[in-house]
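The values are calculated or read from the model by the stated rules, or taken from the named source; none is laboratory data. Given the structure is predicted, the values throughout are model-derived calculations rather than measurements. Because the Cβ atoms are built from the backbone with ideal geometry, glycine has one as well, and the counts that use them run over all protein chains shown.
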Amino acid sequence: MQNYKDLKVWVKAHEFALSVYTVTQNFPKEEVYGLTSQLRRAAVAIAANIAEGCGKKTQSDFANFLNISLGSANESDYYILLAKDLSYIKPDNFLSLSAHINEIKAMLINLITKVRQG
């Protein structure tokens, strides 16, 4: 269908995943298979599902993958809140990540709406 790298939402999602990897480097070692892994997986899934959806033949399939991406964005949103509440990330990092994920969610919702409308 289209090159995922040309989508602004994919660029933002990729940047978010890179930020999550940076921030989670400082998480406690006992979280490596817990919150660190879960947050990283969810963050990567946002951009990965956008990319996968771009390779599908129908707009409906693309919209479904965007919807999955939105689910991963919501999951990431919760994990960064949990990390903040556990004092694994500093408040300023939380605010930055939270603003970033909220922007991505809004972009995904707009794109899903456009794709579903044809």
Which count do you get for residues in the range 1-52 that are among the small types (Gly, Ala, Ser), free of Cβ contacts under 8 Å to residues at least 24 places away in the same chain and either closer than 16 Å to Ser72 by Cβ or surrounded by 13 or more Cβ atoms within 10 Å (Cβ to Cβ) (or both)? 2
Which condition number in (1) at pLDDT 95 or above; (2) not in a helix (DSSP H, G or I) is the one that Phe62 fails? (2)
Taking the range 31-59 as the search range and keeping residues that are of a type in the set (D, E, K, R) and modelled with pLDDT of 95 or more, which one is nearest to Val20 (Cα to Cα)? Arg40
For the range 72-102, give me each residue that is surrounded by 15 or more Cβ atoms within 10 Å (Cβ to Cβ) and either closer than 22 Å to Asp6 by Cα or modelled with pLDDT under 95 (or both). Ser72, Ala73, His100, Ile101
